[in-house]
Every structure is written in structure tokens, then in C-alpha cells.
Amino acid sequence: MSIAQTVSCLDGYDPDALRVDKAREAILACLTPINDSENLKIREALGRVLSQDIVPHIDVPAHDNSAMDGYAVRFSDLEKQPLKEIGTALAGKPFHGKLGAGECVRIMTGAVMPAGADTVVIQEVVKKEGERVTIPAGQKKAQNVRYAGEDLKVGTPVLRSGKLLTPADIGLVASLGMGEVRVKRRLRVAFFATGDELASIGAPLKEGEVYDSNRYTLHGMLARLGVEIVDMGVVRDDPAALESAFLLASRQDVVITTGGVSVGEADFVKQLMAKLGEVLFWKIAMRPGRPMAFGKIGNAFLFGLPGNPVAVMVTFYQFVRDALIHLSGRNDDALPLLKAVAAENLRKVPGRTEYQRGILFRDQDQWKVRTTGQQGSGVLRSMSEANCFIVIEHERAAVKAGELVSVQLFEGLA
Ligand code: AMP
Ligand code: MG
């Protein structure tokens, strides 16, 4: 099905006043995730997308073992004290005998539980005289024992295809003794900036020019997503140059451009996009970031982002990021929206979703959020100072200090 057909089936699809959620839905409806995969050594697989289910072929831990340094005992023997110490179990050096009535074994953390023992008593509470071991009252049956398979169980899938591999996942795979995993190939993303007013770093700034910053923020955002990046530089608003750039870029999985999609823009960008592929031009009910193009050139998905530096970042984070994650074959949940108390009045009109740049901060026991000040879509400093977006929903009007607002954090742990 063509892109136009797919999106026209969606309820409430209006290219001239598209709600953010509808635009997201329209994009996702058109995408097909990549399916090619490769084997990688597990260290290299960090940040890649798993392309197999991981199903343990061994239990982890493989044996019942001690969680503490102490004495392995038979719980029912604790009434027949003192116990007799008959040997030692170390991590990696099991005790091979079997505990008989009234016997115990000195045991270290991680050592296999000796046959017959069911409980570990920590060494700090034990009294020892020669081989005679006395244990105080108050012990619980089975305490301080880790059971075979309590972490990973043979046959129970632990990681699913589509999982973005985290440090914990890599460790988990290692704990199964696996040295390689199958991952999806990396998504290839080409991008370029358009505009006759753009100067490149290193060149002197002529009258009316601005240095191209969009390519650098885009590069950073793409690098964080772990995709393969093809930076095609700045392309002038010149039909022949643009046409060959688009054709070259469309050999990759995704093409991202900035600039040239605004209403009344004299650029050739829109005309060329429309000529070379199946591209829709949207006016999205959002701020910043109203104009955006989405479609296909050849087999590549195209995102034509606005030119304003903040609008580039907002449209990237709100649409392109999700799309790239989906295309990469990842099955992540959507990022959480948290609630915080507005520390000041926030201007807003109903009928569009706003992404104000916010600073989330702690005020005694409460998380509060304020804006970074000037919210113009050319003020890139606002993105640099912010640590979150304040997401003000479509229907919502101005926010009063003290009301709850949604925030989307910029940074996470992993
Ligand atoms: P446009 O969408 O092409 O009309 O651009 C909107 C605004 O963003 C203009 O003020 C441009 O100068 C600015 N702009 C466009 N591309 C870039 C870029 N790559 N880096 C910095 N600013 C840009
Ligand atoms: Mg332009």
C-alpha cells in the first residue's frame, strides 16, 4: 500500500492540522522494520538489537549454593548442639562428602551446598571450639541459600528478539556461557542540511549567513541511537545539487534533511521531494516544529525536518527517534512521561502540543519544573540548558504555577 493510502485510512488524519499523536501513528503505520542480522561477540553487541530469543540451556546458578560465609547445616540438627565441623566448601572447590546427623561444613559465599545441608548460618553468630560449633537460636530453615536456576531457568526465555542490549543483558548472556549473539544489522541513516544561508565550520561568516549547527545536533542524536551515520554535508538550494543528494541518500534506509519545508519557503526542497518520491507535507499542531515532510524516496524513508535548530531537535525526538527505533527492530516501550509541579505560570494556547524546554529541579521533597526562559525555535541554548521537555498536551490552555505538568527527561541511566 502507498504511504498516502495508508495514512488516509487513519481516523482524524488532516495533513494541515495534524495532531502529534496522529502524526506518530501515521508514521508508524508506514514503517517496516529491518530484518537482516549478524552474529557478534557479546562485548560488541552492547547497544545493538537482539535478533534471537535467548533461552537458557543451563540453570544459573547451576547448583544450590551459599549466599554468605558461614556454616552449612541441617536445620533439624539445630536442636542437637554442638555440631561437629567435618570439612570446608569453597567457591569452586565443593565439599564432596555428605552431612550426617549433628554435622556441619564450613562454607564460603558461592560454594556449592554440601549434600544433606539445607541451611547456612553466618559465621559472625557462631561459637567455635576446635571442631565443636555452637549456633544460637533464631535461625530460619533454608536461610542464606541460593537455589539452582533462581536467576535463569533452563527453557524459560530470558531475552526476546527486539531487545536493545544493555550492560545487564550482556552480563546475563555471559552468565549462560554464550560468547556470541545474533543481532539486527544497524540501520543506515543519511542526512544533510539545506539552505543557501548556511556557512560551514572553518569558513568565514558572510553577511546574512549562519553556521550550520543542525548537522551537528543531528549527528549527536543519531550517534546516541547507535545507527550507522552517513553525513552528506550542506546542500545548497539548487535543484541539481539537491536532486543528486536525494538520490544518493536514498540508498540508505532513512534520509533526514533539515530546512526547506516551511510554508512559503522559496526553496526547491519540497518540489524535489515531491518529484523524487512519495512524500507528504504536514503542518503539525505542535510548537516548536510545525512543518514536516514524511515519505519515501525509493526504498528509503524520508523525514524532512524544519530548519530552525530547536524545531529540528523536537521533531527528531518526537517523531524520528520513535521511527528509527521501530525500523531498527527494537521493541522498546515508549519513554515515560513523569509529572512535576510547575514552578511558574506557563503560556500555552489549546489546539497544539507544546514542548517547552524545562529544568526539573528538587525543591525540598518535591520535583518542580521551570522553563529555560526564551522559547524561540531558533534559541538552541534552550535545549542545552534544559534537562527535560515540559510536554503541554494538545487540549490544555495556560498552566498556572502549582499545577502538575508532564515532563520527558533528556537523560536516562543506560
Ligand atoms: P527553513 O526551514 O529552511 O526556512 O529555516 C528556518 C530557519 O532555520 C532559518 O532561520 C535558517 O537560517 C535556520 N536554519 C536552517 N538550517 C539551519 C542549519 N543547518 N543550522 C542552523 N540554522 C539553520
Ligand atoms: Mg531554508
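Run through the DSSP bridge list for the chain and note the antiparallel percent, rounded to the nearest 5.
The answer is about 65 percent antiparallel.
For the chain, which whole-number percentage of the solvent-accessible area (1.4 Å probe, protein heavy atoms only) is attributable to carbon and sulfur atoms?
51 percent
Sort 240-248, 279-287 by packing, meaning the average of other beta carbons within 10 Å per residue, with the highest value first.
Result, highest mean first: 279-287, 240-248.
So if R0 is 51 Å, what FRET efficiency would residue 248 and residue 395 give, r being the distance between their Cβ atoms, rounded to the nearest 0.05?
Here the calculated transfer efficiency is 0.75.
What FRET efficiency do you get for residue 57 and residue 143 if R0 is 25 Å and r is their Cβ-Cβ distance, rounded to the nearest 0.05?
0.25
Let me have the 222 nm mean residue ellipticity of the chain computed from DSSP H runs of 4+ only, each contributing -39500 (n - 2.57), with the sum over all residues rounded to the nearest 500.
One gets -5000 deg cm²/dmol as the mean residue ellipticity at 222 nm.
Ranked highest first by the average count of other Cβ atoms within 10 Å around their residues, in what order do 389-401, 186-198, 202-214 fall?
Ranked by mean Cβ neighbours within 10 Å, highest first: 186-198, 389-401, 202-214.
Which is farthest toward the positive dipole end of the chain among 147, 405, 176, measuring Cα position about the Cα centre, with Cβ charges +1 (Lys, Arg) and -1 (Asp, Glu)?
147
Over the stretch 296-414, average the accessible area per residue using a 1.4 Å probe and give it in Å², no decimals.
Result: 48 Å² of accessible area for each residue.
On the first, second and third principal axes, largest extent first, how far apart are the outermost C-alpha atoms of the stretch 250-359 in Å?
Projected onto its principal axes, the Cα set of the stretch 250-359 covers 48, 38, 21 Å.
Roughly what would the spin-label model give for residue 228 and residue 28, points 7 Å off Cα along C-beta, in nm?
Each label point is offset 7 Å from its Cα along the Cβ direction, giving 2.7 nm.
Rolling a 1.4 angstrom probe over the protein heavy atoms, how many square angstrom per residue are accessible across the stretch 142-255?
That works out to 49 Å² for each residue.
Given R₀ = 56 Å, what would the calculated FRET efficiency be for residue 411 paired with residue 76, taking r from the Cβ atoms and rounding to 0.05?
Approximately 0.55, to the nearest 0.05.
How much length, in nm to one decimal, is gained on full extension between residue 35 and residue 275, taken as 0.36 nm per residue of separation minus their Cα-Cα distance?
Length gained, residue 35 through residue 275: 83.5 nm.
When the C-alpha atoms of the stretch 348-414 are aligned to their principal axes, what extent does each axis show, in angstrom, from largest down?
Principal-axis extents of the Cα atoms in the stretch 348-414, largest first: 33, 30, 24 Å.
Determine the percent antiparallel among the DSSP beta bridges restricted to the stretch 1-123, to the nearest 5.
65 percent
I'd like the antiparallel share, as a percent to the nearest 5, of DSSP beta bridges with both residues in the stretch 65-215.
70 percent
Describe numerically, in nm with one decimal, the distance between label points set 7 Å from Cα along Cα→Cβ at residue 263 and at residue 299.
Roughly 3.8 nm, to one decimal.
Run the numbers on the stretch 118-164 and let me know its relative contact order in percent, using alpha-carbon pairs under 8 Å that are six or more apart.
36 percent
For the stretch 365-413 and the stretch 272-329, write down the distance between their C-alpha centroids in whole Å.
After rounding, the separation between the Cα centres reads 23 Å.
Using the C-alpha gyration tensor of the chain, what are the square roots of 5 times its eigenvalues, in whole angstrom, with the largest one first?
One finds semi-axes of 59, 26, 19 Å for the chain.
Measure up 184/283; 163/283; 80/128; 84/141; 153/184 against 23 Å on the Cα-Cα distance and list the ones that go over.
184/283; 163/283; 153/184
Would you calculate the separation in nanometres between label points at residue 175 and residue 115, each defined as 7 Å from the Cα along the Cα-to-beta-carbon direction?
2.8 nm
Out of residues 5 or more away from residue 298 or on other chains, whose amide H comes under 5 Å of its own, with H placed 1.01 Å from N in the peptide plane?
The list, which skips near neighbours in sequence, is 278.
For residue 368, go through the lysines and keep the ones whose alpha-carbon is under 22 Å away, minus same-chain ones fewer than eight residues off.
Within the straight-line limit of under 22 Å, residue 368 reaches these lysines: 339, 348, 400.
The values are calculated or read from the model by the stated rules, or taken from the named source; none is laboratory data. Quick caveat: nothing in here was measured; it's all calculated off a predicted structure. In this analysis, Cβ positions are derived from the backbone assuming ideal geometry, glycine residues included, and neighbour counts consider all displayed protein chains. Remember, those area values only see protein heavy atoms, side chains included, never the ligands or the DNA or RNA. Shrake-Rupley method; radii C 1.70, N 1.55, O 1.52, S 1.80 Å.
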